[in-house]
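Read the figures in this text as sums done on the coordinates, not as results from a lab. All figures in this text were calculated on a predicted structure; none of them were measured in a lab. Cβ placement follows ideal geometry from the backbone for every residue including glycine, while neighbour counts extend to all protein chains displayed.
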Amino acid sequence: MNLEIQYLIYSAALGLAQILAGAGLSTLQRGVQWNLSARDSNPVPLQGKAARMERCLANFKETFPLFIDGVFAITYLQKTSSQTALASQIYFVARLLNIPLYIFGVPYLRTLVWAGATISICYLFCAALG
C-alpha cells in the first residue's frame, strides 16, 4: 500500500473521530433526549466549542472528497512519488492540526493550516495532470 492510500485511510479515520467528537459536544448542549429523538424539531443552535466543531467538520467534509479524488487519480495513473506522499502527509497533518485550532478559535494560524491542506490537494491534482 502506498503512503498516499495510507494517509487517505488516516484522514478518513480523522473524519470519523471528528463526527464522534462533534456528536458528543452537541449532546452535552442539546441533551441525550434530543440525540435519541427523531429530531423532527429545529435544534437549539450550538454555542462555543460545539459550534466550532460543527463548522470544523463541515470544512473537513468540503475538502476530504477532493483529497480522495487526488489520491485516487495519482494512484490510478501510477504517478505517485515522494512529493505526492509528502502532499498526502501534509493534508493529514494540517487537518489534524486544524481541529484544536478551530475548536479553540485560533485565528490566522487556522487559516494558514487550512491553506496547507488545500495546497496539498492542488499539488495532487497537478501531479495527476502533469
Expressed as a whole percent, how much of the Cα-Cα distance distribution for the stretch 3-129 exceeds 25 Å? 33 percent
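Between L66 and Q33, how high is the FRET efficiency from 1/(1 + (r/R0)^6) when r is the Cβ-Cβ distance and R₀ = 25 Å? Nearest 0.05. Let's see the in-between values first.
Values: r = 37 Å, r/R0 = 1.49.
The calculated FRET efficiency here is 0.10.
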Could you list S120, S26 so that the one with the fewest beta carbons within 10 Å of its beta carbon is first and the one with the most is last? S26, S120
Which order results if E62, E4 are arranged by neighbouring Cβ count within 10 Å, fewest first? E62, E4
With a 10 Å radius around each residue's Cβ, average the other Cβ atoms per peptide and rank 80-87, 108-115, highest first. 80-87, 108-115
Of 51-59, 92-100, ordering from highest average Cβ density within 10 Å down gives 92-100, 51-59
Around L25, what is the net charge, scoring Lys/Arg as +1 and Asp/Glu as -1 over all other residues with Cβ under 15 Å from its Cβ? +3
Summing -39500 (n - 2.57) over the DSSP H runs of n ≥ 4 in the chain and dividing by its residue number, what mean residue ellipticity at 222 nm do you reach, to the nearest 500 deg cm²/dmol? -28000 deg cm²/dmol
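Under a Cβ-Cβ cut-off of 14 Å, what is the net charge of the residues other than K79 that fall near it, where Lys and Arg count +1 and Asp and Glu count -1?
Details: positive: none; negative: E4, D69.
So the surrounding residues net to -2.
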Kyte-Doolittle mean at least 1.0 and Cα extent at least 15 Å along the axis: which DSSP H helices of the chain qualify? 109-129
